[in-house]
1. Does Phe11 satisfy the criteria of being farther than 17 Å from Asn111 by Cα and free of Cβ contacts under 8 Å to residues at least 12 places away in the same chain?
2. Hey, among Phe16, Phe24, which residue is in a helix (DSSP H, G or I) and over 30 Å from Leu115 (Cα atoms)?
3. Taking only pairs six or more apart or across chains, which ones have beta-carbon atoms under 9 Å, a first residue in segment 25-41 that is closer than 15 Å to Phe131 by Cα, and a second residue that is of a type in the set (S, T, N, Q)?
4. What single numbered condition from (1) over 24 Å from Gly110 (Cβ atoms); (2) surrounded by 13 or more Cβ atoms within 10 Å (Cβ to Cβ) fails to hold for Phe33?
5. Within segment 71-119, how many residues turn out to be surrounded by fewer than 14 Cβ atoms within 10 Å (Cβ to Cβ), more than 30 Å from Pro49 (Cβ to Cβ) and in contact (Cβ under 8 Å) with a residue 12 or more places away in the chain?
6. Would you list the helices (runs of 4 or more DSSP H) that sit entirely within segment 38-153 and hold 3 or more residues that are closer than 23 Å to Phe16 by Cα?
7. I'd like the residue in segment 120-149 that is among the aromatic types (Phe, Trp, Tyr) and touching a Lys or Arg at 6+ places or on another chain (Cβ under 8 Å) and, out of all such residues, is surrounded by the most Cβ atoms within 10 Å (Cβ to Cβ).
8. For segment 42-68, name all the residues that are over 13 Å from the mean Cα position of the chain (by Cα), small (Gly, Ala, Ser) and surrounded by 13 or more Cβ atoms within 10 Å (Cβ to Cβ).
Amino acid sequence: MKIINSFKYAFRGLLFCIRNERNFRIHIVAAIFVVILSHLYQVTESKIPLLVFSIIFVFVTEMINTSIEAIVDFVSPSYSEMGRIAKDVAAGAVLVAALSAVIIAFTVFGNIDRLLMVWDIIINSWFWSIFIVVFIVLSLVFIFSAKKERKDK
């Protein structure tokens, strides 16, 4: 039973981030975009683990950042310089993870000719053109429409 509860709590934490953390939703949209681009770009199998690792690395750091913010807010509801430092360092970790993901993306998707080929596929295919527009609209709704739950003080 303990193992089942462990998974239950872990999924509850993941769901909390999806529902309450706009930046986490932005990372989800970016990850989906990378997966779509990888398909169109025809990324080689040897480079897929780099992309998967960078996506997971960003998700994990964002979740750790969220937990640190929650702990600081719980322990010190009023302003604290040490709390600010903890939050800033955790946010900095997310920034480093995101920048490393961008660097990896540049190495994986760095061939301009292949990117132009992908662009041609999107522009010249009604399916991909509509798909991208719908993806952008749904992504914006997903990112900005979720209500943030009230935090207990």
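1. Numbers: farther than 17 Å from Asn111 by Cα: yes; free of Cβ contacts under 8 Å to residues at least 12 places away in the same chain: yes.
The answer is yes for Phe11.
2. Numbers: Phe24 fails: over 30 Å from Leu115 (Cα atoms).
That would be Phe16, the only listed residue that is in a helix (DSSP H, G or I) and over 30 Å from Leu115 (Cα atoms).
3. Pairs that qualify, where the first residue is closer than 15 Å to Phe131 by Cα and the partner is of a type in the set (S, T, N, Q), are Val29/Ser139; Ile32/Ser139; Phe33/Ser139; Val34/Ser54.
4. Among (1) over 24 Å from Gly110 (Cβ atoms); (2) surrounded by 13 or more Cβ atoms within 10 Å (Cβ to Cβ), the lone unmet condition for Phe33 is (1).
5. Residues that pass the stated criteria total 1.
6. Numbers: elements: 48-75, 81-108, 112-124, 126-145.
Hits in segment 38-153: 48-75, 81-108, 126-145.
7. Start the filter on segment 120-149 by keeping residues that are among the aromatic types (Phe, Trp, Tyr), which leaves 126-128, 131, 135, 142, 144.
Pick out the ones that are also touching a Lys or Arg at 6+ places or on another chain (Cβ under 8 Å) and you get 142, 144.
On the way: Phe142: 16, Phe144: 10.
Across segment 120-149, the extreme among qualifying residues is Phe142.
8. Once the filter is applied, which keeps residues that are over 13 Å from the mean Cα position of the chain (by Cα), small (Gly, Ala, Ser) and surrounded by 13 or more Cβ atoms within 10 Å (Cβ to Cβ), segment 42-68 yields only Ser67.
Throughout, read-outs are computed from the coordinates displayed, never taken from laboratory work. Bear in mind the structure is a predicted one, so any value in this text is a computation, not a measurement. Glycine gets a Cβ as well: all are built from the backbone with ideal geometry, and neighbour counts include every protein chain shown.
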